[in-house]
Amino acid sequence: MMTSLFSMFDPTSIFNIHLNWIMSIMILIFLPSKFWTLNSRNTIFLKLMILNLHKEFQMIFNQKILMKGSTLICISLFLLILLNNISSNFPYTFCCSAHLSYSISLSIPIWMSIIFFFWKNLSSSMLAHLVPNGTPMMLMPLMVLIELTSNIIRPMALAIRLSANLIAGHLLMTLLGNTLNINSYYWYFILLIQIIFLMFEIMVAIIQSYVFSVLMTLYSSEMS
């Protein structure tokens, strides 16, 4: 029995080995199938998903900064968050994405690298972005402060959105799990609700990884 409701977010280990690392290694073993004669269904699905993501990110990216291989950053970010989100739905696994230290360590370095890249290569566009067209002279200093504040808040908002959605879902799964009692006459109803909610959590894991990568791309396109 859990001493605290939030103890599910503590790293759980057996024989001093974290189970989330075991899940990650198993997935990484099964995904690369270069040595197979025919592609498996998982490989075909993964290639199709990466191709569709590449086309979508290519449309979102600003054509001024779009270079060959630019979409690989967003696709890799999507796959990394997706792997952590889905593996955290298995029992006794450590939910990395539900911690702000993990999500902030993803959003802030990527956002700072985008900011430095734009200020170095597109400094005139960055200066023009701080003051929108048609702004009165009296409001220009205020608009600069507002734009700078919004640029600082964006990576924090991305990190909090990712962590808050996963924390809420895992807490609800824990509350439902504590209510399950096989000796009761309605245990099958609780089990059915848990299965449905687990499927919903997998959908949330996919959507949140997609939203994180797409919003990061959209913010970078708006900067230029």
Only one of these is of a type outside the set (Lys, Arg), more than 30 Å from residue 120 (Cβ to Cβ) and in contact (Cβ under 8 Å) with a residue 60 or more places away in the chain: 160, 193, 202. Name it. 202
Quick one: residue 32 ticks every box in (1) modelled with pLDDT under 60; (2) over 27 Å from residue 214 (Cα atoms) except a single one, so which number is it? (2)
Assess whether residue 174 counts as being in contact (Cβ under 8 Å) with a residue 60 or more places away in the chain and touching a Leu at 6+ places or on another chain (Cβ under 8 Å). yes
Determine if the stretch 197-208 includes at least one residue that is under 28 Å from the mean Cα position of the chain (by Cα), over 18 Å from residue 83 (Cα atoms) and part of a helix (DSSP H, G or I). yes
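Conditions (1) modelled with pLDDT of 80 or more; (2) basic (Lys, Arg); (3) out of contact with any helix residue (DSSP H, G or I) (no Cβ under 7 Å at 6 or more places or on another chain), marked per residue:
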residue: 145; (1), (2), (3): yes, no, yes
residue: 154; (1), (2), (3): yes, yes, no
residue: 158; (1), (2), (3): yes, no, no
residue: 164; (1), (2), (3): yes, no, yes
residue: 169; (1), (2), (3): yes, no, no
residue: 173; (1), (2), (3): no, no, no
residue: 178; (1), (2), (3): no, no, yes
residue: 182; (1), (2), (3): no, no, yes
residue: 185; (1), (2), (3): no, no, yes
Under 6 Å between Cβ atoms, which residue pairs at least 6 apart in sequence (or on different chains) link something in the stretch 134-157 that is without any contact (Cβ under 8 Å) to a residue 12 or more places away in the chain with a partner that is aliphatic (A, V, I, L, M) and in a helix (DSSP H, G or I)? 135/143
Kindly provide the set of residues from the stretch 75-117 that are farther than 19 Å from residue 214 by Cβ, touching a residue at least 60 places away in the same chain (Cβ under 8 Å) and not hydroxyl-bearing (Ser, Thr, Tyr), ordered by number. 89, 90, 94, 95, 96, 98, 99, 100
For the stretch 124-146, the count of residues that are surrounded by fewer than 16 Cβ atoms within 10 Å (Cβ to Cβ) and part of a helix (DSSP H, G or I) equals 16
Given the condition under 22 Å from residue 213 (Cβ atoms) and either exposed (fewer than 14 other Cβ atoms within 10 Å of the Cβ) or touching a strand residue (DSSP E or B) at 6+ places or on another chain (Cβ under 9 Å) (or both), answer yes or no: does some residue in the stretch 166-185 qualify? yes
With respect to the numbered conditions (1) closer than 14 Å to residue 166 by Cα; (2) surrounded by fewer than 16 Cβ atoms within 10 Å (Cβ to Cβ), which one is the sole condition not fulfilled by residue 103? (2)
Residue that is nearest to residue 200 (Cα to Cα), among those in the stretch 81-96 that are of a type outside the set (A, V, I, L, M, F, W, C) and modelled with pLDDT under 75: 91
If I ask for residues that are within 17 Å of residue 161 (Cα to Cα) and in a helix (DSSP H, G or I), which ones from the stretch 80-100 would you list? 80, 81, 82, 84, 85, 86, 96, 97, 98, 100
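Residue-wise test of (1) in a helix (DSSP H, G or I); (2) within 25 Å of residue 221 (Cβ to Cβ); (3) at pLDDT below 70.
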| position | (1), (2), (3) |
| --- | --- |
| 22 | yes, no, yes |
| 25 | yes, no, yes |
| 49 | yes, yes, no |
| 54 | yes, yes, no |
| 58 | yes, yes, no |
| 63 | no, yes, yes |
| 106 | yes, yes, no |
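The values are calculated or read from the model by the stated rules, or taken from the named source; none is laboratory data. Just so it is clear, the structure is predicted and the values come from calculations on it, not from any experiment. Don't worry about glycine lacking a Cβ; one is built from the backbone with ideal geometry, like all the others, and counts go over all protein chains shown.
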